[in-house]
């Protein structure tokens, strides 16, 4: 069944779960998401552990799917930064979905995400505030790099109310909310670092994992809009209930796809408004309080951003709808991407941010499934009136990667980063890395 013929909100959910978008079994009941194809030998199947003697397909036909992804890094600061040396962090991401429509119980989707993480990363060694290894920075912990046996970062219900409208409620994760064909992937696919996967102006007011209530509207497969209110405080390792009332963020995004001739393209436009919070007022005056000297604060902050991507060369025909958030170019060819953002200069340390780059799939003859990317980011920083630190007015960096498809279920990625710190006394860092990503 073509995407354009299905209900619009079903299309939106399918695009939000690209790892499950494989061919559907013809005899299975209709569902919100397609049934993954677990079959085949190790050289052809998309999941390394296969079909478990038919059990995974049987469960999927009853509405249950399991998406497991293991990621292992070897990454080191080889010069500059705060410290040199290699680290070997890793993670396991488990996503369980219950498709109520396929199970013939009710037309809704429940998603549960459980994340595990182990070992230290290079994030404290590069001299940058935003992480050079995004996967190792999420879920957010204090202190960073804390080992996590298992934490629930997502548990929510998506309930349709019409063919084009659905409600989402529960605990959500936000890293997949700004999809780009050439720069997505949560740090587990495509680029490693935060500014190449998400917009830097969002870091202050958008938590990774939090309680939220929102609506999803998709009048056709090429346009969808989401609007949510969420706790501003991150709840990666808590239920989030105790964070209610400590600040709220309202986030609204529009996602659109189009054709420039035969070439697919897309864009995302977003606006954030955080209120009832406690944001330090940059350049604010010191003031006396019962607890001693404090800096003036503001109750609100805002940010706006735009993401765009565009193919300029493809081999063959492009799919009707591009799965821009699945962290793998759908077409063999190449294109460009960019992210731009501005923020409240009273409260946000990042006044504006931008990233630009090129990416694609099938650069080398005979390696049609390999993907690659090269990008640059720049963060213009707010300069405090008084500070004990010697700061520059910006931070920036370059990153390039090449992802070698070992098997349909396993990808080995080589990565290099050059990072310019905002701290004057920190030399530019050269960071090299390897990443193994396996769909289990």
Q.
So, in the stretch 240-273, how many residues would count as being touching a helix residue (DSSP H, G or I) at 6+ places or on another chain (Cβ under 9 Å) and farther than 17 Å from residue 303 by Cβ?
A. 1
Q. Looking at (1) surrounded by fewer than 22 Cβ atoms within 10 Å (Cβ to Cβ); (2) free of Cβ contacts under 8 Å to residues at least 40 places away in the same chain; (3) not in a loop (DSSP other than H, G, I, E, B), which is the one condition that is false for residue 113?
A. (2)
Q. Given the conditions (1) surrounded by 22 or more Cβ atoms within 10 Å (Cβ to Cβ); (2) in contact (Cβ under 8 Å) with a residue 40 or more places away in the chain, which single one is not true for residue 170?
A. (1)
**Q.** Hey, residue 73 in a loop (DSSP other than H, G, I, E, B), at pLDDT 95 or above, on the phi < 0 side of the Ramachandran plot and crowded, with 18+ Cβ neighbours inside 10 Å or not
**A.** no
Q: Return the only residue of 353, 371 being farther than 21 Å from residue 433 by Cα, buried (at least 19 other Cβ atoms within 10 Å of the Cβ) and modelled with pLDDT of 95 or more.
A: 353
Q. Given the residues 267, 315, which is the only one that is surrounded by fewer than 20 Cβ atoms within 10 Å (Cβ to Cβ) and either at pLDDT 95 or above or within 24 Å of the chain's Cα centre (by Cα) (or both)?
A. 267
Q | Those residues of the stretch 141-158 which are more than 30 Å from residue 426 (Cβ to Cβ) and either within 18 Å of the chain's Cα centre (by Cα) or without any contact (Cβ under 8 Å) to a residue 12 or more places away in the chain (or both), in sequence order | A | 151, 152, 153, 154, 155, 156
Q.
Take the residues in the stretch 116-140 that are closer than 21 Å to residue 353 by Cβ and more than 20 Å from the chain's Cα centre (by Cα); name whichever of them is surrounded by the most Cβ atoms within 10 Å (Cβ to Cβ).
A. 126
Q | Residues within the stretch 41-50 that are surrounded by fewer than 15 Cβ atoms within 10 Å (Cβ to Cβ) and without any contact (Cβ under 8 Å) to a residue 24 or more places away in the chain, tallied | A | 1
(Q) Looking only at the stretch 178-206, count every residue that is in contact with a helix residue (DSSP H, G or I) (Cβ under 7 Å, 6 or more places away or on another chain), assigned to a loop (DSSP other than H, G, I, E, B) and surrounded by fewer than 24 Cβ atoms within 10 Å (Cβ to Cβ) and tell me the total. (A) 1
Q. Inside the stretch 51-65, can you point out the residues that are surrounded by fewer than 17 Cβ atoms within 10 Å (Cβ to Cβ) and under 28 Å from residue 186 (Cα atoms)?
A. 52, 59, 64
(Q) Take the conditions assigned to a loop (DSSP other than H, G, I, E, B), out of contact with any strand residue (DSSP E or B) (no Cβ under 6 Å at 6 or more places or on another chain), buried (at least 18 other Cβ atoms within 10 Å of the Cβ) and on the phi < 0 side of the Ramachandran plot and apply them to residue 143. Does it pass? (A) no
Q: Can you give me the number of residues within the stretch 76-95 that are outside any loop (DSSP other than H, G, I, E, B) and surrounded by 16 or more Cβ atoms within 10 Å (Cβ to Cβ)?
A: 11
Q. Within the stretch 318-325, can one find any residue that is in a strand (DSSP E or B) and either within 23 Å of the chain's Cα centre (by Cα) or touching a residue at least 24 places away in the same chain (Cβ under 8 Å) (or both)?
A. no
Q: Output the strands (runs of 3 or more DSSP E) that fall wholly within the stretch 338-440 and possess 3 or more residues being free of Cβ contacts under 8 Å to residues at least 40 places away in the same chain and either closer than 25 Å to residue 297 by Cβ or in contact with a strand residue (DSSP E or B) (Cβ under 9 Å, 6 or more places away or on another chain) (or both), or say none.
A: 350-361, 371-381, 394-407, 410-420
Q. Can you tell me which residues in the stretch 223-243 are farther than 22 Å from residue 185 by Cβ, in contact with a strand residue (DSSP E or B) (Cβ under 6 Å, 6 or more places away or on another chain) and outside any strand (DSSP E or B)?
A. 232, 235, 237, 240, 243
Q. Pairs, please: C-beta under 9 Å, at least 6 apart or cross-chain, first residue at positive phi and at pLDDT 95 or above and in the stretch 210-235, second in a strand (DSSP E or B) and surrounded by fewer than 21 Cβ atoms within 10 Å (Cβ to Cβ)?
A. none
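The values are calculated or read from the model by the stated rules, or taken from the named source; none is laboratory data. Keep in mind that this is a model prediction, so the values were computed, not measured. Here the Cβ is made from the backbone with ideal geometry for all residues, glycine too, and neighbour counts use every protein chain on show.
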